[in-house]
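Trainee: Here it is, the structure, as structure tokens.
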Number of protein chains: 2
Amino acid sequence: MSSAHEGPDFDKGDGLLPAIAQDATNGDVLMLAYMNAESYAETLATGRAVYFSRSRGRLWRKGEESGNVQKVESIHLDCDRDTILLSVTQVGGAACHEGYRSCFFRRVTPEGLVTEGERVFDPSEVYKKK
Amino acid sequence: MSSAHEGPDFDKGDGLLPAIAQDATNGDVLMLAYMNAESYAETLATGRAVYFSRSRGRLWRKGEESGNVQKVESIHLDCDRDTILLSVTQVGGAACHEGYRSCFFRRVTPEGLVTEGERVFDPSEVYKKK
């Protein structure tokens, strides 16, 4: 079943597959984004997470603006080869553009969404320098 | 920002959003599937993970065939409210229909995919009883 040519099946999902970034140090799920074949290939080649931004319609080199790149420690594929799991070291300590360690900083409760995550940086400081 | 009516934004993704199931005990990412509004509502109401099967075009009550249901311990939403993170207790110890604890049982290496996960059950035994 194994060959050097096996990889994600980008024919599924119209060429875009979900990619989960998980913190290599503590297992926290940091974010989910999408990859196309090109971003996956660049991730493999560079060892840094490169996604495809659906809203911007182009490659998204995570951290290109904030400096908070993700060093890729390992990659796993799921049974259907249509989801990618990245184990990453998150430079800067925060994956979320809102300044939280994880994008999943809000918990669903009967009373609504409750913010649980800790803010690592102030987004207005990080993204203003253009 | 919080209200009892806040939830996933199912208007994105044509009504289907990715849902990540993470093992509540050790943080392993077990699988990724999709939810629509109905499956999300049933998940909240029952405390068991209910997905929407894209291939079968219907609700998929995880474990309906294998008995390996997922008890939902908590739910988090990401910053864009378009990805759902479930913390689950996986009954039977295996989330993957191929019998592995996690669907992400294969690691990407320069030599191809390498199976790392441990097989908990034999799929031919679990799925033959119809």
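The values are calculated or read from the model by the stated rules, or taken from the named source; none is laboratory data. Small disclaimer: the values here were computed from a predicted structure and weren't measured. Using ideal geometry, Cβ is built from the backbone for each residue, glycine included, and neighbour counts are taken over all protein chains shown. Areas reflect the complete protein model, heavy atoms only, side chains present, ligands, DNA and RNA absent. Shrake-Rupley method; radii C 1.70, N 1.55, O 1.52, S 1.80 Å.
Trainee: Of the numbered conditions (1) touching a residue at least 60 places away in the same chain (Cβ under 8 Å); (2) over 29 Å from A:THR115 (Cβ atoms), A:VAL29 fails exactly one; give the number of that condition.
Mentor: (2)
Trainee: Just to verify a result, which residue in the range B:17-33, among those that are hydrophobic (A, V, I, L, M, F, W, C) and over 8 Å from the mean Cα position of the chain (by Cα), is nearest to the other protein chains (Cβ to nearest Cβ)?
Mentor: B:VAL29
Trainee: In this structure, does A:GLY99 turn out to be within 12 Å of chain B (Cβ to nearest Cβ), at pLDDT below 95, within 15 Å of the chain's Cα centre (by Cα) and over 16 Å from A:GLU64 (Cβ atoms)?
Mentor: yes
Trainee: Collect the residues in the range B:78-130 that are open to solvent by 50 Å² or more (accessible area, probe 1.4 Å) and in contact with a His (Cβ under 7 Å, 6 or more places away or on another chain), keeping them in residue-number order.
Mentor: Matches in the range B:78-130: B:ARG107 only.
Trainee: In the range B:44-96, how many residues are among the β-branched types (Val, Ile, Thr) and away from every other protein chain (no Cβ under 14 Å)?
Mentor: Of the residues in that region, 5 qualify.
Trainee: So which residues in the range A:41-77 are assigned to a strand (DSSP E or B), aliphatic (A, V, I, L, M) and more than 20 Å from A:TYR127 (Cβ to Cβ), if there are any at all?
Mentor: Of everything in the range A:41-77, those that are assigned to a strand (DSSP E or B), aliphatic (A, V, I, L, M) and more than 20 Å from A:TYR127 (Cβ to Cβ) turn out to be A:VAL72, A:ILE75, A:LEU77.
Trainee: Separate question: Suppose we filter the range A:59-77 for residues that are of a type in the set (Lys, Arg) and crowded, with 20+ Cβ neighbours inside 10 Å; how many remain?
Mentor: Adding up the residues that qualify gives 1.
Trainee: What are the residues in the range A:1-16 that are more than 7 Å from chain B (Cβ to nearest Cβ) and either on the phi > 0 side of the Ramachandran plot or modelled with pLDDT under 80 (or both), if any?
Mentor: A:MET1, A:HIS5, A:GLY13, A:ASP14, A:GLY15
Trainee: Take the conditions within 12 Å of another protein chain (Cβ to nearest Cβ) and more than 18 Å from A:VAL29 (Cα to Cα) and apply them to B:GLY112. Does it pass?
Mentor: yes
Trainee: Here's a follow-up. Can you tell me which residue is most open to solvent (accessible area, probe 1.4 Å) among those in the range A:1-40 that are touching a Lys or Arg at 6+ places or on another chain (Cβ under 9 Å) and in a helix (DSSP H, G or I)?
Mentor: Top of the filtered list is A:LYS12.
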